[in-house]
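Here is the structure we will look at, set down as structure tokens.
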Amino acid sequence: MKLLRHGARGAERPALLDEQGRLRDLSGVIPDIDAHTLHPESLRRLQALDPASLPLLPEPARIGTPWSRISKFICVGLNYADHAAESNLPVPEEPILFIKADSAVNGPNDPVVLPQGSLKTDWEVELGVVIGRRARYVSEEQALEHVAGYCVVNDVSEREYQLERGGTWDKGKGCDTFGPVGPWLVTRDEVPDPRDLNLWLEVNGRRWQDGSTRTMVFGVQQLVSYISRFMTLEPGDLISTGTPPGVGMGAKPQPVYLRPGDVMRLGIAGLGEQRQAVHAWDAALLER
């Protein structure tokens, strides 16, 4: 099942994508797609619906994040062996964790707004893991039972803020609009092996990233289990699992970074595509 939300920011309505790729209105069944919706029992009730019984919708003017109120946006650094190599950094012995601010969360096709004075903003296509049931000290064997589904994430990153301004990575990761999520939440039953997904990203039509989750250092089960030892994972929490090689920071002979007017397009097999135009700082774009 592919769940999504559409409409103006703050007024999104729930929908699903049927097998023919048509939008079906869920607003007569649930008020929104939220943490309660992501619980296994709630998802089973939705999966029991006949999509043909739901009203058809026109193509939306805007697609929002697939679920509302992401309470924790947890990211994993250097989780692809080939990305660690291009960064000239060792493969981590344990997962590197950092947090993106919830104010970074953005619709999959919303504008990405560069922070004031930014010169080193970069792209990162990533597999997102959506928690559906509370996880606290769960085993790897039970970890997937706590996953509602998967989505596409662009972990947009300001490298100067991240690496040259002291302290943790969070400064360069949590800027407004730096967390596009969606277009869909694809339920776990439709992704039999999250460690066998192709993911890619283009800037202005040039493909920079073309990788596979097969080169992840720590898989989904390991990450959910590991993170649950340090914090309780709640329904609606999002884990962004790292990026394959091809980021701008790793370009040779010199890094390449985003500039106003650039267009990013990215996707993961079976999970949909995103498209973001890059804008210079404009506070009005944050108030839409």
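Of everything in segment 194-211, what is outside any loop (DSSP other than H, G, I, E, B) and either touching a Lys or Arg at 6+ places or on another chain (Cβ under 6 Å) or surrounded by 17 or more Cβ atoms within 10 Å (Cβ to Cβ) (or both)? Give them in sequence order.
199, 200, 201, 202, 203, 208, 209, 211
Here's the yes/no breakdown for (1) surrounded by fewer than 14 Cβ atoms within 10 Å (Cβ to Cβ); (2) of a type in the set (A, V, I, L, M):
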position	(1), (2)
7	no, no
19	yes, no
43	no, yes
47	yes, no
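One residue stands out in segment 128-185 among those that are among the β-branched types (Val, Ile, Thr) and in a loop (DSSP other than H, G, I, E, B): the one that is nearest to the chain's Cα centre (by Cα), namely 156. Going through (1) aliphatic (A, V, I, L, M); (2) under 21 Å from residue 161 (Cβ atoms); (3) part of a strand (DSSP E or B) one by one, residue 249 falls short only on (3). Is it the case that some residue within segment 236-244 is out of contact with any Ser or Thr (no Cβ under 9 Å at 6 or more places or on another chain), of a type outside the set (A, V, I, L, M), part of a strand (DSSP E or B) and more than 18 Å from residue 87 (Cα to Cα)? Yes; the residues of segment 236-244 include at least one that is out of contact with any Ser or Thr (no Cβ under 9 Å at 6 or more places or on another chain), of a type outside the set (A, V, I, L, M), part of a strand (DSSP E or B) and more than 18 Å from residue 87 (Cα to Cα). Restricting 159, 136 to those that are of a type in the set (D, E, K, R), farther than 16 Å from residue 219 by Cβ, out of contact with any helix residue (DSSP H, G or I) (no Cβ under 8 Å at 6 or more places or on another chain) and in contact (Cβ under 8 Å) with a residue 12 or more places away in the chain reduces the list to 136. Can you say whether residue 92 is modelled with pLDDT under 95, more than 12 Å from the chain's Cα centre (by Cα) and part of a loop (DSSP other than H, G, I, E, B), as far as the supplied structure shows? Yes: the conditions hold for residue 92. When you look at residue 102, is it free of Cβ contacts under 8 Å to residues at least 40 places away in the same chain and within 24 Å of residue 66 (Cβ to Cβ), yes or no? Criteria met by residue 102.
Which residues, taken from segment 152-177, are within 21 Å of residue 67 (Cβ to Cβ) and among the acidic types (Asp, Glu)? Of everything in segment 152-177, those that are within 21 Å of residue 67 (Cβ to Cβ) and among the acidic types (Asp, Glu) turn out to be 155, 176. Of the residues making up segment 274-281, one or more are of a type in the set (Gly, Ala, Ser), within 26 Å of residue 62 (Cβ to Cβ) and either assigned to a loop (DSSP other than H, G, I, E, B) or out of contact with any strand residue (DSSP E or B) (no Cβ under 8 Å at 6 or more places or on another chain) (or both).
The values are calculated or read from the model by the stated rules, or taken from the named source; none is laboratory data. Since this is a predicted model, take the numbers as computed values, not measurements. Note that we place each Cβ from the backbone using ideal geometry, even for glycine, and neighbour counts take in every protein chain shown.
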